[in-house]
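Worksheet for the structure shown next.
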Amino acid sequence: MITFRCKAFYELTTPQLYGIMALRQEVFVVEQNCAYLDADGKDTQGWHVVGYDDDGRLMGYARLLPKGVSYDNFVSMGRIVTSPVIRQTGAGKALMKAALDMMDELFPGENIKISAQSHLRGFYETYGFVVSGDEYLEDDIPHFPMVRG
């Protein structure tokens with residue numbers, strides 16, 4: 001079972017932040033073989049949805065950002081990731097539900113914009129996101145801009 005919590009950056013403990021950075025790098029840098037600057041200066045301005053298993057291991061994560069951080073006219077979510085050890089278990093769906101519930105609480109009535117990896121387009125469409133522009137490369141990985149109203 002995964003328990004989700006949401007914390008502002010300054011509420012994170014050093015071990016929690018280390019775990020977040022380690023999971024993001026494990027998946028986005030190592031697994032996807034993509035060298036990019038993960039510590040992009042946005043973490044301090046956002047909220048962090050963390051999902052821990054019963055043993056206290058970080059299994060899922062999403063970063064929630066207010067309007068003006070990633071997009072001038074939209075709140076956003078990103079760095080949405082689950083640990084490779086729990087893929088295909090429904091954990092990604094649970095993470096999305098927790099993240100979207102928190103977005104609704106933090107930013108009621110706001111449209112959410114994401115930069116979605118193209119192969120996950122269908123996954124995000126099941127949560128009400130629609131493609132809002134042309135496909136593009138971000139860090140050499142195909143992405144679509146998507147918005148949920």
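The values are calculated or read from the model by the stated rules, or taken from the named source; none is laboratory data. These numbers were taken from a predicted model, which means no experiment stands behind them. As a convention, Cβ positions derive from the backbone with ideal geometry for all residues, glycine included, and neighbour counts pool all protein chains shown.
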Checklist entry - Only one of (1) under 19 Å from GLN45 (Cα atoms); (2) at pLDDT below 95 is not met by ARG87, so which one is it? => result (1)
Next on the checklist: Every residue in the stretch 116-149 that is surrounded by fewer than 17 Cβ atoms within 10 Å (Cβ to Cβ) and assigned to a strand (DSSP E or B), please.
Outcome noted: VAL130, VAL131, TYR136, LEU137, GLU138, ILE141, PRO142
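Search the stretch 33-54 for residues being of a type in the set (A, V, I, L, M) and assigned to a loop (DSSP other than H, G, I, E, B), and hand back the single one that is modelled with the highest pLDDT. Spell out the reasoning first.
Step one: list which residues in the stretch 33-54 are of a type in the set (A, V, I, L, M), which gives 35, 37, 39, 49-50.
Within this subset, residues satisfying the condition of being assigned to a loop (DSSP other than H, G, I, E, B) are 35, 37, 39.
Working: ALA35: 86, LEU37: 86, ALA39: 92.
Top of the filtered list is ALA39.
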Checklist outcome for this item: Going through the stretch 12-34 in order, the residues found to be without any contact (Cβ under 8 Å) to a residue 40 or more places away in the chain and closer than 19 Å to PRO84 by Cβ are TYR18, GLY19, MET21, ALA22, GLN25, VAL29, VAL30, ASN33
Checklist outcome for this item: The condition of being in contact with an Asp or Glu (Cβ under 7 Å, 6 or more places away or on another chain) and either free of Cβ contacts under 8 Å to residues at least 12 places away in the same chain or within 16 Å of PHE4 (Cα to Cα) (or both) holds, among MET77, MET96, MET59, MET102, only for MET59
Checklist entry - Of the residues LEU23, LEU12, LEU17, which is under 14 Å from the mean Cα position of the chain (by Cα) and either at pLDDT 95 or above or of a type in the set (Lys, Arg) (or both)? => result LEU23
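Just the residues that are part of a helix (DSSP H, G or I) and within 16 Å of GLU31 (Cβ to Cβ), please, taken from the stretch 82-102.
Taking the stretch 82-102 as the starting set, the residues that turn out to be part of a helix (DSSP H, G or I) are 84-86, 91-102.
Within the stretch 82-102, PRO84, VAL85, ILE86, ALA91, GLY92 meet the criteria.
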Item to check | Residue list for the stretch 55-78, restricted to those being closer than 18 Å to GLY90 by Cα, in a strand (DSSP E or B) and not hydrophobic (A, V, I, L, M, F, W, C) | outcome: GLY60, TYR61
Item to check | Hey, PHE123 under 16 Å from the mean Cα position of the chain (by Cα) and closer than 22 Å to GLY46 by Cα or not | outcome: no
Checklist outcome for this item: By residue number, the members of the stretch 70-120 that are in contact with a Lys or Arg (Cβ under 8 Å, 6 or more places away or on another chain) and of a type in the set (Gly, Ala, Ser) are SER70, SER76, GLY78, SER83
Next on the checklist: Name the residue that is surrounded by the fewest Cβ atoms within 10 Å (Cβ to Cβ), counting only residues in the stretch 51-94 that are more than 22 Å from GLU110 (Cβ to Cβ) and either in contact with a His (Cβ under 7 Å, 6 or more places away or on another chain) or aliphatic (A, V, I, L, M) (or both).
Outcome noted: VAL85
